[in-house]
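Reading through the structure tokens given below for one structure.
The values are calculated or read from the model by the stated rules, or taken from the named source; none is laboratory data. These numbers were taken from a predicted model, which means no experiment stands behind them. Backbone-built Cβ (ideal geometry, glycine too); neighbour counts: all protein chains shown. All accessible areas refer to the heavy atoms of the entire protein, side chains included, with ligands and DNA or RNA removed. Shrake-Rupley method; radii C 1.70, N 1.55, O 1.52, S 1.80 Å.
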Amino acid sequence: MRASLSRLKAEAMRSGKLFAGVALGGALVWLRCGPIPAALLEGIDASSTVVLDRHGDILYEALSTQGMRLERIDPAHLPPALVAATLAAEDRRFHSHVGVDPVALLRAARHDLSERQIVEGGSTITQQVAKLLIQRAEGTRSRGVQAKLREMVLALRLEHRFTKPEILAMYLTLASYGNQASGAARASRLYFGVDSGMLTPAQAAFLAGLPQRPARFNPWRSLDAARARQHTILRRMAAAGALAPDRLREALDERLALHARQAPFAAPHFVEMALATIDRQRPARLDTTLDLPLQREVEGIVESNRESLRAHGADNVSVVVLDNARAEWVAWEGSGNYVDAERGGAINGPLVPRQPGSALKPFTYALAFEQGRGPATVLPDVPSHFPTAEPGVLYSPRNYDGLYRGPLLARRALAGSENVPAVALASELGISALMRFLSRAGLDTFDHNAAYYGLGLTLGNAEVRLDQLTAAYAAFARRGEWRQPVFIRGAHADQNILVSPRTAFWITDILSDPEARSFIFGRGGNLEFPFPVAVKTGTSQAYHDNWTIGYTREVTVGVWVGNFNRTPLRDSSGVTGAGPIFHAVMLAAQHRITGSIAPSAGAIVPRPDTVAEVTICALSGMRANAWCPTRAMEWVRVDEEALPCSWHHQSDQGPLTLYPPEYRAWAMNEKVVSLESGVASQASRVVRDARRATEDMRLTALDSPLRIVNPPGGAIYSIDPTLRREFQSLPLRAVTAQPTSVTWTINGQTVGTTASEKSLAWPLTVGTHDIEVEDAFGQRATTTIIVR
């Protein structure tokens, strides 16, 4: 009986031990192989984003979601020097323990007891990774025995799930190296400016010492403490056989050159656009198209013009530079001063719609050239009235200087930026067609219909963006191909054919012709360069904005000057405000792209086979005949019918000029030197010829009573805010039976007397006006107009 009891007790003990063994084994398996919460590993590869220029220079670094500068290290490419230094500093038995090192724990406990305080934790690198993962996921740093046990369990499971190189890579990616730098790779760039794979043993040891106490060993504050820690680690590396004695001496003697403390933020408006393209998964680096040296030059140019800008009342400047061949932005200045919050410095100006004024005119001419017209097409620069969408309202455009120049070749009309011919051309083309053409050119800010903008669209009364208008100009430099610009390297660019190579050549040839614009702009100003540049200026209504945009074969530059709060400028136009900045930026951009500002050979756009140069009459634009007093060389279509000039003839009294009907009234009333393309010697004869050419009009008038031919009865006029008040005048003109004098009265007040063949300029004033004219014989005529 007693023996049986003994056997039962023995079996029970064996069963208990077996159960305990199984339970212990199960617990160990659970501790080692249990699950790792997915939240701890989520986003472990999320890096901060370093924004780089086209040459790899740092523009900015966007911090990671944890607010750190972070760059992931690849487990397959761990830098040997950094690995050796890190193991010497943190975990010499890393490759021999299972995540928790009992030897290290006992050593730490003995050390802590001897010091009577916690001076060593005994944590392995794997435990430190566990702590970092918990801290990242929960956002807090837990302490105490319970937290330590949790870290140990997680360390065991990390060792089961990941290889040693993967765990070491996690540590080298997540550990803090001070100054918001997470990971050795980012710290290597921050402190030494090199890739972690290029670290010397001295540099690697310096970095390996930082995670223990990042604040105490901060290189920018406590360099001596950081170096003392570095020397300790170097000696440990030598003791572990990672450094030979001679290499140890070299490392101890190496003088480390730390980078200065800085937080680069170049081209802030551009960087913000680049970062806005990033999806939720941020890349470690973002390679942009910006050229940082050129960007610095642009910023310097803007600053050097600051005093002049303030004299004109301009607080804001936007500048963009586009590489034509790649359709890439290489410089981008948003406001002139990003940190000037009082003046809207953070506003990204090139993206803000503003009125471009005459900078929009080239596209009216481009559309006309596409439809069969050319640089030799004659356009009317005479007093004209155009119907508008509002019944009874007429639009009477005026030129900037208040003058009318009669028949004007399209080349001179565009180059001289004359308003009246541009409006006449837009009237023929149709505003709806012009809006569609501008949309094809990438301008997408038109939020009203064609009737809303009217013929003023060609003069720039609609708001556009500087970046889009600059890209549209670049299409001419590419022989008519429009491409959507990009600011991220390798990004896809949409494209389409905007105009033919012939139209691109014509527009470019006109805008780069200094002689053609000299009658308005003169010579030798900001629009002339030592190399071919096609350029156009623009000034918006009431002088709120001024623009200068131009291009070479290589680059297109756009400049806007104004105020984001829409305060008008003072005595500033596209030439005087944006012009000087454009000139300096174009020189800098051309030098940067081509390496030279020496005169370049050939045209910006190669001459296509579809055009040929011929001699034309400088007045009519047709092929010159023997009696044309002034001639010019001009590009025409090779398939164009060569019609001889029908304006100039030989008569018994000598050469005779017969103007078409739309120019005869102008020819009678105007005695300007520029009637025949500005040649003074021809002026008197042109006036004489004009009088002879209009004799038929006089004969008709002999049988006609006195009548007012301008303004037409019931016309409604609007004060044009784009013109100076001295140019806001209406030419009063009457027809009489025979030459006499006429007296004009408005609202009962006499405003002047003039010859019946001349017009009288009357300054516009708002209101309803009764107009009366009386000749020397007492005949009278009346009309009524409204001025708004």
Check your understanding: Stretched out fully, how many nm does the piece from Asp279 to Phe519 gain, at 0.36 nm a residue minus the Cα gap?
Key -> 81.1 nm
Check your understanding: Tell me, what is the 1.4 Å probe accessible area of Asp279, in Å² to the nearest 10?
Key -> 120
Review point. Which FRET efficiency value, to the nearest 0.05, do you get for Glu428 and Ala311 by plugging their Cβ-Cβ distance into 1/(1 + (r/R0)^6) with R0 = 41 Å?
Key: 0.50
Review point. Ordered by residue, what ³J(HN,Hα) values in Hz, to whole numbers, does segment 308-322 give under the Karplus form 6.51 cos²θ - 1.76 cosθ + 1.60, where θ = phi - 60° and Gly and Pro are x?
Key: 5, 4, 5, 4, 8, x, 9, 9, 10, 9, 10, 9, 10, 10, 10
Practice item. Report, ordered by chain and residue number, the aspartates and glutamates lying within cross-link reach of Lys164, taken as a straight Cα distance under 18 Å and ignoring same-chain residues fewer than 8 apart. Key: Asp45, Asp74, Glu90, Asp91, Asp101, Glu151
Review point. Averaged per residue, what accessible area in Å² does segment 184-335 show with a 1.4 Å probe, protein chains only?
Key: 46
Point to revise | Cα→Cβ-extended label distance, 7 Å offset, between Leu41 and Phe386, nm | key: 6.9
Revision key, fill the gap. For Val555, other-chain or 5+-apart residues with amide H closer than 5 Å (H placed, Pro excluded) are Asn324
Exercise for review: Normalise the Cα radius of gyration of segment 497-544 by 2.2 N^0.38 Å (N = residues in it) and let me know the number.
Suggested key: 1.36
Review point. Of all the accessible heavy-atom surface of segment 375-478, with the other protein chains kept in place and a 1.4 Å probe, what percent is carbon and sulfur?
Key: 53
Check your understanding: Let a ≥ b ≥ c be the square roots of the eigenvalues of the Cα gyration tensor of segment 434-510; is it rounded (a/c under 1.5), or, if not, prolate (a/b larger than b/c) or oblate?
Key -> oblate
Point to revise | Extension gain, Arg261 back to Ser729 (0.36 nm per residue minus Cα-Cα distance, nm) | key: 162.1 nm
**Study point:** Shape call, segment 281-374: gyration tensor on alpha carbons, a/c limit 1.5
**Key:** oblate
**Study point:** Highest-first arrangement of 297-309, 186-198, 415-427, where packing means the average Cβ count within 10 Å
**Key:** 415-427, 186-198, 297-309
Revision key, fill the gap. Rounded to 0.05, the calculated FRET efficiency for the beta carbons of Val339 and Thr740 at R₀ = 56 Å is 0.20
Review point. Any idea of Lys148's accessible area? Nearest 10 Å², probe 1.4 Å.
Key: 50
Study note, to complete from the structure: The FRET efficiency for Leu106 and Arg570, from their Cβ-Cβ distance with R0 = 60 Å and rounded to 0.05, is 0.15
Revision key, fill the gap. Note on segment 169-213: alpha-carbon gyration tensor, axes a ≥ b ≥ c; rule is a/c under 1.5 for rounded, else prolate if a/b larger than b/c, else oblate; result rounded
Practice item. Would you pull out the residues with amide H under 5 Å of Leu408's amide H, same chain only if 5 or more places away, H placed 1.01 Å from N? Key: Leu379, Asp381
Practice item. Taking amide H positions as placed in the peptide plane 1.01 Å from N, state which residues far from Arg285 in sequence (5 or more) or on other chains have amide H under 5 Å from it. Key: Val50
